[in-house]
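The values are calculated or read from the model by the stated rules, or taken from the named source; none is laboratory data. Note that the structure is a prediction, hence the values are computed from the model and not measured. Quick reminder, even Gly has a Cβ in these numbers, built from the backbone with ideal geometry, and neighbours come from all protein chains shown.
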Amino acid sequence: MLLPRPVEGVAGPYDAAYLPRLEMTFRPVEEPAVEPIGKLGGEPVWLDEPCWPVHPGSAEPLDFIGQFPIPREPGEERRLAYLFLSYGDYETGGTDPEDGEAVLLIQPGGRAPGFAAIGPAGTKPIAALTTSNP
């Protein structure tokens, strides 16, 4: 039975499961989100210069999946993690974690991983992942 909270005196490698977590809630929006918040789909809200990864073989822009806030200490600047995947293959994101078909970028202060191919300024897909209302 999994305990909802640690009992007194619990210490060990599994204590991290009881640490507070960030929570993300989902709600529909009327307009595209332009604030640096956690979100899925649409266009990224860049905190630094846009840095769109491309597929290393075809140079096609990867699909933007979402952006997620990175936990920070009081007084630290806001940072976001941006997730991009290639949908061109049967296995979304590829099978090798460093084949460039799945890229996680951090801004500001992050760096593009060495295996990631970054497109020239202005790179973005023809149609970003969006939801439309019928």
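Residues that are at pLDDT 90 or above and among the aliphatic types (A, V, I, L, M) were ranked within the stretch 60-84; the one that is nearest to G122 (Cα to Cα) is L62. If the condition is being crowded, with 19+ Cβ neighbours inside 10 Å and either over 12 Å from the mean Cα position of the chain (by Cα) or in contact (Cβ under 8 Å) with a residue 60 or more places away in the chain (or both), then the stretch 34-54 contributes C51, W52, P53, V54. The conditions of being surrounded by fewer than 15 Cβ atoms within 10 Å (Cβ to Cβ), at pLDDT below 85 and over 30 Å from P28 (Cβ atoms) are met by P97. If the condition is being in contact with a strand residue (DSSP E or B) (Cβ under 9 Å, 6 or more places away or on another chain) and at pLDDT below 70, then the stretch 100-134 contributes I126, A128, L129.
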